[in-house]
Structure formats: C-alpha cells, structure tokens
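The values are calculated or read from the model by the stated rules, or taken from the named source; none is laboratory data. The structure presented is a predicted model; accordingly, all values stated were derived computationally and were not measured. Cβ coordinates were reconstructed from backbone atoms using ideal geometry, including for glycine residues, and neighbour counts include every protein chain displayed.
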Amino acid sequence: MLLTLTTTHSPATDLGFLLHKHPNHVQSFELSFGQAQVFYSEADKDRCTAALLLDIDPIGLVRGRRGHSGESGLLAEYVNDRPYVASSFLSVAISNVYGSALSGRSQERPELVNQKIPLIAKISVLPCKGGEGLLKRLFEPLGYQVSAKRHPLDEQFPEWGDSAYFTVTLQATCRLQDLLAHIYVLVPVLDNEKHYWIGEEEVEKLLHHGSDWLAHHPEKALIAKRYLKHQMRLTRQALARLVDEEEPDFEANEARRNEQETTLEEKISLNEQRLGTVVAALKSCQAKRVLDLGCGEGKLLQALMNDKGFEEIVGVDVSHRALEIAQRRLHLDRLPEAQKARLKLIQGSLTYRDKRLYGYDAAAVIEVIEHFDLARLSAFERVLFEWTRPTTVIITTPNVEYNIKFENLPADKLRHSDHRFEWTRIEFQNWAKDIGERFGYSVRFLPIGEEDGIVGAPTQMGILTLNPDL
Ligand code: SAH
C-alpha cells in the first residue's frame, strides 16, 4: 500500500520540513499491524515526492499478535486485500508517521504550515464500492481535482470485468494538514471496513479531523455513517454535534447582523419592505401551506401567522438557538390550540433531504443563500428543487451592486461578516435561471427597496414557479 505526496511549491523540498522527514533518509516505523517506510522518490527544488509505504502483516493480524480483528478461523482472514489497499490502516499510519504534519505543527518552519501549496496525493490502490461517482462526491466538494483509474479484476481475464479498486490522484492547492485530514477520514469511508472496534473515541477522531470541513460537506451524513461503520447511535451523535458546533455563531452572528445590516439598511427599513413583499408574493400565488427555510428568529413566521390565509406554516433552521428565539417571539407556549396547530418549527439543515418538508405550496428562502459556501449551495439547490419541490419558491439575497450606496460600508466588504458571497443582479439572475432550466421552474425577478437607476435595489428577489406537467 503506497501513498505519495508531491509538491511543486518552490522550493519543493520544503515538503521535508512539513512532514518532518528528511528527504535524504529512508525511515522505518514499527506499527501495531506492520511496518511503515517513508522515503523520497524525488527531491529537488522544483518537485518533491514523499512516499509512505505500508507493509501490513496479515498473518500477525489474524494470530492476534497485532491489532486483532475479532473473528477467527476463516480463510478470508488469511487471504484478503488488506495488505494491498488503502484502508483504516493508512489512517493510523498517517497519524503515527505524519502526526505533526496532520496536526499542523512544524518546528523548523511554522510559517509553512498555514500556507496553501500545490499538492498531489496519489493512493495506489483504493477500494471504492461506490465507484468513481462516490470518490468525486467525497473529494470534489473539498476542492480537489480527482482522477481515478479503475483496475480490472484480473488483467489476464478481461471478461471478468472491473474490480472495485482504483488508483486515485487528488490535486489541489491547499494546506498539507488539510489534505492529510481529508485522506485520514475519507479513505476508511471509501473502504467501508475498519480493522478495529468502533466506539465513542472514533466519534471524537471524526469530529477532530473533520472540524474544519465536515459540517459543510454535502455528504456529511454518509461520511459519518460509513466512518462509524453504520453504528446509528454514534452516527447520530456525531451529526448532532457537527450541527451543534455551528451554533455558537448564531447569537454572535445575529447581534452583528443586526448591528451591521440593520444600521446599513435602516434608512429605508429594508427589512420591513422585504417582509411585506415576500408576504404579498406568497399571497399572490395563493399559497396556503408554506415553508420558511432558514427562518432565523422568526420575523417572517410572525407576519405569516398574522394572516389567516396561511393555514400551515413551517419554520426551518439549522440553529436550535434561532428556533428558541423564534419560539419566544411567537409566544408559542401561550397561543390558543387552533393557532398553535398552524405553526411548526423544525430543526434541520437545508442541505439535506428532509421528507417532512415535501408537499408544500411555497417556500420562502429569505436572506439565506449568501450564508452558504458554494459547495453547500449546490447541495441546497438539489435538495430544494429536485427533492422538496414546492410549487413556488421565493428567494431573496442582497444585490452587491447597491453596496456603494451604503456610506459606512468599505468597498471590499460584504454587508454581513457571515456572508460568503453577495451577487450582482446578473449573477443572481443567471443562477436562478439555470435552476429554472435544470429543475423545470419558470423564473421572474423583482427588486425590493428603493431602486437606484444605475445600481438597482438593495435586495433582489427571484420567484420560481414549478412548470405544470405537460
Ligand atoms: N430568513 C431570516 C434569517 C436570515 S439569516 C430573515 O430574513 O431574517 C440566515 C439563516 O439561515 C440563519 O438563521 C441561519 O441559522 C440559517 N441557516 C444557515 N445555514 C443553514 C442551513 N444549512 N440549514 C438551515 N438553516 C441555515
């Protein structure tokens, strides 16, 4: 089993400092399941490649001398793919042999650690039952260019067809510690077999090595499930905590949001105009059962509750804290039963399919999309337009062109520090039209707030209506 890491960073031999392994030496490490060697197949200033070779001792594994797997006596224990493929053994080797690089430490060159450098990782044999599609779904959202070559079962018998084994190359300009963390978590996910008992501490490892990226990964549920070997209790625990970890942001964000966005936008009391316009749009499409996706502290929910025309109202947010505030704002505990029955608050992420949200007349997504990073945005698109498919979808987002009108806003800043992007009118319209084409919705646009002849209105709204079946 071989993992090579290549960089063309200048000087490329910096890789030696990052890995804490001198390019001129071959080093051996005794691990519980076999031996690991690190050596450099090339090391000059333009290009440097470090190889980690694992020599797993399958007989030792079975006989219990080394990290025994539990079952016994089966031929499969002696004759199997474990010595040859990347698996959870590779993750253990990475944390033992490249431990300081994985945790982002470099004694000699600490400044290198946070530098994004061009990196290529090649895993010589990676088992992947889900095929190339799964490989891409796992690595591409993290920014890798993925190339994979599938191996035949047996070169001498091409009629036997393909195996589930790939040689995989991952390429990105990123921090080495991130690349190692991604491999550490995702190789066992692809292999879907673990050589040791899965317990609570595996949840900790997953959250630790996934801390910078897993919460935003569109496949986080699948990753957690497979990493934790389908143990549902642990998987639920891990996923719940991933969501939790985003939460402390809510109040801080909300306070900042109120300070930043509201003061910026207050002259025109944009928020109220926005709510009014959205409610009017929902009424004009005769929606009775509506979703408020990313409802935050519930201002739109409140406006909808005040209008008897809306019979069923569902607020969804990823943040428990936001939902608690919404619940208080709406005095949910004091409402008469008939009123209470109209409203439901659901904690959930808009980037995951959720059957509870199917079958509604309309969904409002108000000032939410700009909080998604782009990898999550595409998951959100599919979840909402391919699976949830409300008849009408109303989306609002800031119009970045208008920002020059906010005197207090520096030219290079967005309206809120948690916004991942803000779009021009053309950018938003192209995005929405593309969605319309892909998922069968007609699209129209309306400005919200005082409109300027050149830069447009402060908020832009898209109304997408499901095309009737022909
Ligand atoms: N619609 C509200 C809140 C906008 S702020 C309003 O107009 O006032 C954005 C909201 O989206 C926040 O409450 C945030 O918690 C929520 N959010 C961000 N990412 C989310 C996700 N993946 N799933 C569900 N809600 C999310």
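For this structure, a couple of remarks:
- Residues being at pLDDT 90 or above and part of a strand (DSSP E or B) - total across the range 127-149: 5
- Within the range 19-43, being at pLDDT 95 or above and acidic (Asp, Glu) holds for one residue alone: Glu42.
- Test: residue in the range 344-358 that is within 13 Å of the ligand (Cβ to nearest atom), among the aromatic types (Phe, Trp, Tyr) and under 31 Å from the mean Cα position of the chain (by Cα): yes
- Apart from one condition, Gly16 fits all of (1) under 24 Å from Thr167 (Cα atoms); (2) buried (at least 19 other Cβ atoms within 10 Å of the Cβ); (3) at pLDDT 80 or above; (4) not hydrophobic (A, V, I, L, M, F, W, C); the exception is (1).
- Residue that is surrounded by 14 or more Cβ atoms within 10 Å (Cβ to Cβ), under 20 Å from Leu2 (Cα atoms), among the hydroxyl-bearing types (Ser, Thr, Tyr) and out of contact with any helix residue (DSSP H, G or I) (no Cβ under 7 Å at 6 or more places or on another chain), where the choices are Ser124, Ser95: Ser124
- Unmet requirement for Ile404, which otherwise passes all of (1) β-branched (Val, Ile, Thr); (2) away from the ligand (no atom under 11 Å from the Cβ); (3) modelled with pLDDT of 95 or more: (3)
Rundown of residues vs (1) within 22 Å of the chain's Cα centre (by Cα); (2) of a type in the set (A, V, I, L, M), yes/no style:
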site	(1), (2)
Leu377	yes, yes
Glu381	yes, no
Trp387	yes, no
Val400	no, yes
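- Single residue of Phe421, Phe385 found to be within 16 Å of the ligand (Cβ to nearest atom), at negative phi and surrounded by 17 or more Cβ atoms within 10 Å (Cβ to Cβ): Phe385
- Residues (touching a residue at least 60 places away in the same chain (Cβ under 8 Å), buried (at least 20 other Cβ atoms within 10 Å of the Cβ) and of a type in the set (Val, Ile, Thr)) located in the range 389-418: Thr392, Val393, Ile394, Ile395, Thr396, Thr397
- Tally of residues being surrounded by 12 or more Cβ atoms within 10 Å (Cβ to Cβ) and either in a loop (DSSP other than H, G, I, E, B) or in contact (Cβ under 8 Å) with a residue 60 or more places away in the chain (or both) across the range 452-470: 11
- Among the residues of the range 312-335, none qualifies, meaning not one is within 22 Å of Ile435 (Cα to Cα), out of contact with any Leu (no Cβ under 9 Å at 6 or more places or on another chain) and more than 12 Å from the ligand (Cβ to nearest atom).
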